[in-house]
Amino acid sequence: MYARITGTGSYLPARIMTNADMEKVVDTTDEWIRDRTGITQRHIAAAGEYTVDLAEHAARRALQAAGKKAEDIDLIIVATTTPDRIFPSTACLLQQRLGIHGCTAFDVQAVCTGFVYALGIANNFIRAGSTRCALVIGAETLSRIVDWKDRTTCVLFGDGAGAVIVEASDEPGILSSHLHADGSYEHLLNVPYGISHGVDQLRTLDAYITMKGNEVFKVAVNTLGRIVDETLEANHLKKSDINWLVPHQANLRIIQATAKKLSMNMDHVVVTVDKHGNTSAASVPLALDTAVRDGRIKKGETVMLEAFGGGFTWGSVLLKL
Ligand code: COA
């Protein structure tokens, strides 16, 4: 029994914020942002548009692509760092939107690795026989937790959602998943306050993303290099067996370093960071959906998904589409 992705979907908020728009907000330039990150623009959720709204659009598109109805779903996992409420989970809010009742639904918090974690978990549910049809989503409104006065972070992030339908199948689908974390790196990338500080306290604290960018960069490149090796070794595959790399979209230079590690031509690497910025847990499913819909990734091809994020967390999923 395999878990196989049978449909993908994604959604980006209508408002596009270009680097030129950024120049009006903080002391930066289009050239600096492009050179250091590859980002040219990002999408920003409208006032009153929340994570579950983005997730619902992406979910409906994935359902349509898979030819499934909402009532076919028996597991919902939403990976998000920006849930709409303290509770219920975004997965429960989404379940209600989709008009389904009773199935397992929960959120996963692994920051930018969240979708890879969620897909690995769904794979295990399906292989254990407790799920037939899972809806797995990465959805974020990162623009709500960046400090719009901090040029070192606010230029990097964007909002969006990506979704997949994962079904039990006799045909090979997900071949392996590899999930890791090391909390000792917490100080390099975090939001320093959360809900256990108390709602009243939180109002007076700077609960924004903080990051030591160049230190994160170095660890990310090394760690992603290792996860590539681990994934190939676990599957007894050579680099040349991988048709597509769908990486987390944080920085074009990090993506290029991972592609180099795989000896992979950039033509076989899906890049959306230029248009989406870093959408955290949404970035991998957004990139996957982009390349499936434009016909680049075809059924039967071998695809490596990988991500790295706050925690630190990191991981990969190897699959046949
Ligand atoms: N516009 C213009 N200048 C900026 C700037 C901006 N938006 N942000 C920072 N700078 C300046 C800094 O103040 C610094 O100036 P100084 O040399 O006078 O002190 C200079 O640019 C270099 O800063 P540095 O942080 O060393 O740049 P960098 O080459 O490391 O690039 C990042 C910064 C954030 C793009 C890069 O480190 C990165 O992408 N890191 C990984 C981040 C990441 O992936 N995070 C998410 C993980 S999921």
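Expected output is a single nm value to one decimal: the length gained when fully extending between Asp21 and Lys69, i.e. 0.36 nm times separation in residues minus the C-alpha distance. What is it? Spell out each step's value before the answer.
On the way: separation 48, 0.36 × 48 = 17.28 nm, distance 4.01 nm.
Value of the extension gain: 13.3 nm.
Using the basic label-point model (7 angstrom from Cα toward the beta carbon), what is the Ala234 to Ala47 distance in nanometres?
Rounded to a tenth, the inter-label distance reads 4.6 nm.
Express in % the proportion of alpha carbon pairs of region 175-320 at distances exceeding 18 Å.
On the way: 6177 of 10585 pairs.
Here the tail beyond 18 Å accounts for 58 percent of pairs.
Calculate the spin-label point distance for Ala128 paired with Gln96, positioning each point 7 Å from the Cα along the beta-carbon direction, and give it in nanometres.
2.7
Ranked highest first by the average count of other Cβ atoms within 10 Å around their residues, in what order do 99-105, 111-117 fall?
Numbers: 99-105: 14.0, 111-117: 30.3.
In descending order of packing, they fall as 111-117, 99-105.
Hey, can you grab everything whose amide H is under 5 Å from the amide H of Leu175? Only 5+ residues off in sequence or another chain; H modelled, so Pro and N-termini drop out.
Leu318, Leu319, Lys320
Can you tell me, using C-alpha contacts under 8 Å and at least 6 residues apart, the relative contact order of region 2-170 as a whole percent? Please list the in-between numbers first.
On the way: 365 pairs, mean separation 59.9, N = 169.
Taking the mean separation of contacting Cα pairs over the length of region 2-170, I get 35 percent.
How large, in percent, is the carbon and sulfur part of the accessible surface of the chain at a probe radius of 1.4 Å?
Details: 6840 of 13720 Å².
Within the chain, the accessible surface is 50 percent carbon and sulfur.
So, with +1 on the Cβ of K and R and -1 on the Cβ of D and E, and no other charges, what is the size of the charge dipole of region 125-209 about its Cα centre, to the nearest 20 debye?
Details: 6 positive and 11 negative charges, 27 e Å.
The dipole of region 125-209 has a size of about 140 debye.
With charges only on Cβ, +1 for K and R and -1 for D and E, what is the dipole size of the chain about its Cα centre, in debye, rounded to 20? Show your work: numbers first, answer last.
Details: 32 positive and 36 negative charges, 103 e Å.
Dipole size: approximately 500 debye.
Given Cα pairs under 8 Å that are at least 6 residues apart, what percent is the relative contact order of region 175-320?
Reported as a whole number, the value is 36 percent.
Here are some pairs, Lys239/Lys299; Lys238/Lys320; Lys238/Lys275; which of them have Cα atoms lying more than 23 Å apart in this structure?
Cα-Cα > 23 Å for Lys238/Lys275; rest within.
Once both labels are modelled 7 Å past Cα along the beta-carbon direction, what's the Lys299-Glu171 spacing in nm?
0.4
Using the heavy atoms of the protein chains alone and a 1.4 angstrom probe, what is the accessible area of region 2-170 per residue in square angstrom?
Values: 6930 Å² over 169 residues.
Solvent-accessible surface per residue comes out at 41 Å².
Looking at Ser263, Cys133, Ile209, which one has the Cα that reaches farthest to the positive end of the dipole of the chain (charges on Cβ: Lys, Arg +1; Asp, Glu -1)?
Of the listed residues, the answer is Ser263.
For the chain, compute the orientation-averaged projected area of the C-alpha convex hull (one quarter of its surface), in nm².
On the way: hull surface 62.1 nm².
Orientation-averaged projected area of the Cα hull: 15.5 nm².
With unit charges on the beta carbons (Lys and Arg positive, Asp and Glu negative) and the dipole taken about the Cα centre of the chain, which residue among Ala163, Thr104, Ala79 sits farthest to the positive side?
Highest projection toward the positive end goes to Ala163.
Which of these, Pro83, Pro285, Pro172, has the largest mean-square fluctuation under a Gaussian network model of the chain (Cα springs below 10 Å)?
Of the options given, Pro172 has the highest mean-square fluctuation.
Considering amide H positions built from the backbone, and no H for Pro or chain starts, which residues 5 or more places from Leu75, or on another chain, come under 5 Å of its amide H?
Sorted by chain and number, the residues that satisfy this are Cys133, Leu135.
Only Lys, Arg, Asp and Glu count, each charged at its Cβ (+1, +1, -1, -1), so figure out the dipole size of region 175-320 about its Cα centre, rounded to 20 debye. Please list the in-between numbers first.
Values: 15 positive and 15 negative charges, 89 e Å.
That gives region 175-320 a dipole magnitude of about 420 debye.
Does anything in region 185-204 have its amide N under 13 Å from the 7 Å Cα→Cβ label point of Asn222, and if so which residues?
Only 185 pass the distance filter.
When only alpha-carbon atoms count, how far does region 2-170 stretch along each of its three principal axes, as whole angstroms with the largest first?
Result for region 2-170: principal-axis Cα extents of 53, 30, 25 Å.
Calculate, for Glu215 and Thr40, the FRET efficiency according to 1/(1 + (r/R0)^6) with r their C-beta to C-beta distance and R0 22 Å; round to the nearest 0.05. Present the calculation step by step, with values, prior to reporting the outcome.
On the way: r = 25 Å, r/R0 = 1.15.
Working from the Cβ atoms, E equals 0.30.
For the peptides 57-64, 27-34, 149-156, 264-271, what is the packing order when you average, over each peptide's residues, the other Cβ atoms within 10 Å and list the highest mean first? Mind dumping the intermediate values first?
On the way: 57-64: 22.0, 27-34: 14.2, 149-156: 18.2, 264-271: 16.4.
Packing proxy ranking, top to bottom: 57-64, 149-156, 264-271, 27-34.
Before I look further, what does region 240-321 give for accessible area per residue, probe 1.4 Å, in whole square angstrom? Mind dumping the intermediate values first?
Working: 2510 Å² over 82 residues.
Heavy-atom accessible area per residue stands at 31 Å².
Could you pull out every residue, at least 5 positions away or on a different chain, whose amide H is within less than 5 Å of the one on Phe308? Hs are placed 1.01 Å off N in the peptide plane, and Pro or chain starts have none.
Close amide H contacts, sequence-distant or interchain: His248.
How high is the relative contact order of the chain, given as a whole-number percent (alpha carbon pairs under 8 Å, six or more residues apart)? Mind showing how you got there, number by number?
On the way: 791 pairs, mean separation 84.8, N = 321.
RCO, the chain: 26 percent.
For Glu301, Glu186, give me the order by solvent-accessible area with a 1.4 Å probe, most accessible first, ignoring ligands, DNA and RNA.
On the way: Glu301 45, Glu186 100 Å².
Largest to smallest exposure gives the sequence Glu186, Glu301.
The values are calculated or read from the model by the stated rules, or taken from the named source; none is laboratory data. Everything quoted here is computed from the prediction, not taken from an experiment. Here the Cβ is made from the backbone with ideal geometry for all residues, glycine too, and neighbour counts use every protein chain on show. The protein model used for the area step is the full one, side chains on, heavy atoms only, and it has no ligands, DNA or RNA in it. Shrake-Rupley method; radii C 1.70, N 1.55, O 1.52, S 1.80 Å.
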